[in-house]
Amino acid sequence: MSSNRSSIDEDIKQIEDEIRRTPYNKATSHHIGRLKAKLARLRERKLAKATATATGKGTGTGFDIKRAGDATVAMVGFPSVGKSTLLNRLTNANAEVASYDFTTLRVIPGTLHYKGTRIQILDVPGLIQGASYGRGRGKEVISALRNADLILFILDITNNAVKQHEILARELYNSGIRINSRPPNVSIHKLSRGGIRIESTVEVDEDFIRAVLAEYRIHNAEVIIREREPITPEEFIDAVIGNRKYLDAITVINKIDLAEPSMLGNIRKRYPDAVFISAEGNINLEALKERIYAALGFIQIYMKPQGAPPDMHNPLVLRRYSTVADACAAIHRDFLAKFRYAQIWGRSVKYAGQRVGLTHVLADGDIVSIVLRR
């Protein structure tokens, strides 16, 4: 296949059309497996070409943002949906706001202080259709999104919010970002010989698996699938490719003060879990802050110096599933180097004052005393 963009686009369209025409059954699974794997490889080539083109042209400044605070949240949306106004309302930033498209031409960070946490909020340039393949500085924007801990889909209720959401979700998917899902529990160990060996806790189409692996030139491997429900063909291909980013996302419907009641009701039915706000009117922003905080899964632990009462006024903020090692690293690197053991009082242990090691997983509200080597 030719490496130029028009040829890749034509090849992608041909394969997509063939997949649509081919009914999926036992007899065609091998063929469809190869087609879907080829399609994934072509899309990867197109992404790589777009990235190389953007790099060659130079991207300017403003996209290389250093992570700060306890977590990073990125706002994604079409131009002029109100991201800059929302950033200014939530944080101490001073993003430019205007009534025309593409006001934000770089990533603008701000800091949301909430319940003892410092949450970095990023206002990125508006995404447009085709952004995953480089349109509108899309590659730089998506690179910033991949480094976030949480995505906010900012939708303008007055401008076909459903269509906006469909396009944004598709652009992120085409860029290898998987929203509100988790990576399939699939491990692939390449072998020097022995063919393809498959072990699975659920029913799988072995012909499909072998066809996908063959497309990626994997002819000897042990495939282990540990799931409770069957995985989709796309999920298996994602596991083979191995570079997908899995992020939680919150849908935020903006400008509700400008919407007709019937429109507002229809959108509420379509997105029952969304947060409905008006950034300009300062409506429901506290609810949005609480949703962000909950989605990021923060826990607060309280440090107890040896021989002294715990400090219950200045909690250490960590992410859910953090370990004693994470707590040590957050305090000072010497705590890891000199660590002997920790004592825990709280929900993560069986009894008060239990001794634990660095790999112990902490729970919200734990009291922690760290004992160091002298």
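The values are calculated or read from the model by the stated rules, or taken from the named source; none is laboratory data. As the structure is a prediction and not an experimental result, all values here were calculated from the model. Positions of Cβ are generated from backbone atoms using ideal geometry, with glycine treated the same way; all protein chains shown enter the neighbour counts.
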(request) Working carefully through the options 317, 356, find the one that is modelled with pLDDT of 95 or more and among the aliphatic types (A, V, I, L, M). (result) 356
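For (1) part of a helix (DSSP H, G or I); (2) under 18 Å from residue 83 (Cα atoms); (3) within 24 Å of the chain's Cα centre (by Cα), each residue gets a yes or a no:
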site	(1), (2), (3)
218	no, no, no
240	yes, no, yes
272	no, no, yes
294	yes, no, yes
(request) Those residues that are more than 32 Å from the chain's Cα centre (by Cα), surrounded by fewer than 17 Cβ atoms within 10 Å (Cβ to Cβ) and within 18 Å of residue 306 (Cβ to Cβ), I need them from region 342-361; list them, please. (result) 352, 353, 354, 355
(message) Restricting to region 322-372, name every residue that is closer than 16 Å to residue 302 by Cα, in contact with a strand residue (DSSP E or B) (Cβ under 9 Å, 6 or more places away or on another chain) and part of a loop (DSSP other than H, G, I, E, B).
(response) 322, 346, 348, 349, 352, 353, 360, 362, 363, 364, 365, 366
(message) Looking at region 108-131, I want the residues that are more than 18 Å from residue 82 (Cβ to Cβ) and charged (D, E, K, R) and have a partner that is modelled with pLDDT under 90 and not in a strand (DSSP E or B) with Cβ atoms under 8 Å, at least 6 apart or on another chain. Which pairs are those?
(response) 118/68; 118/69; 118/70
(request) Please tell me if residue 373 is among the charged types (D, E, K, R), in contact with a helix residue (DSSP H, G or I) (Cβ under 9 Å, 6 or more places away or on another chain) and surrounded by fewer than 17 Cβ atoms within 10 Å (Cβ to Cβ). (result) yes
(request) Could you look through region 274-292, keep only residues that are of a type in the set (Gly, Ala, Ser) and crowded, with 18+ Cβ neighbours inside 10 Å, and pick out the one that is nearest to residue 83 (Cα to Cα)? (result) 279
(request) Please determine, by comparing only the residues of region 156-181 that are buried (at least 17 other Cβ atoms within 10 Å of the Cβ) and part of a loop (DSSP other than H, G, I, E, B), which one is modelled with the highest pLDDT. (result) 157
(message) I'm trying to understand the selection: among the residues of region 242-270, which are under 21 Å from residue 175 (Cα atoms) and either in a helix (DSSP H, G or I) or out of contact with any Lys or Arg (no Cβ under 7 Å at 6 or more places or on another chain) (or both)?
(response) 242, 243, 247, 248, 249, 251
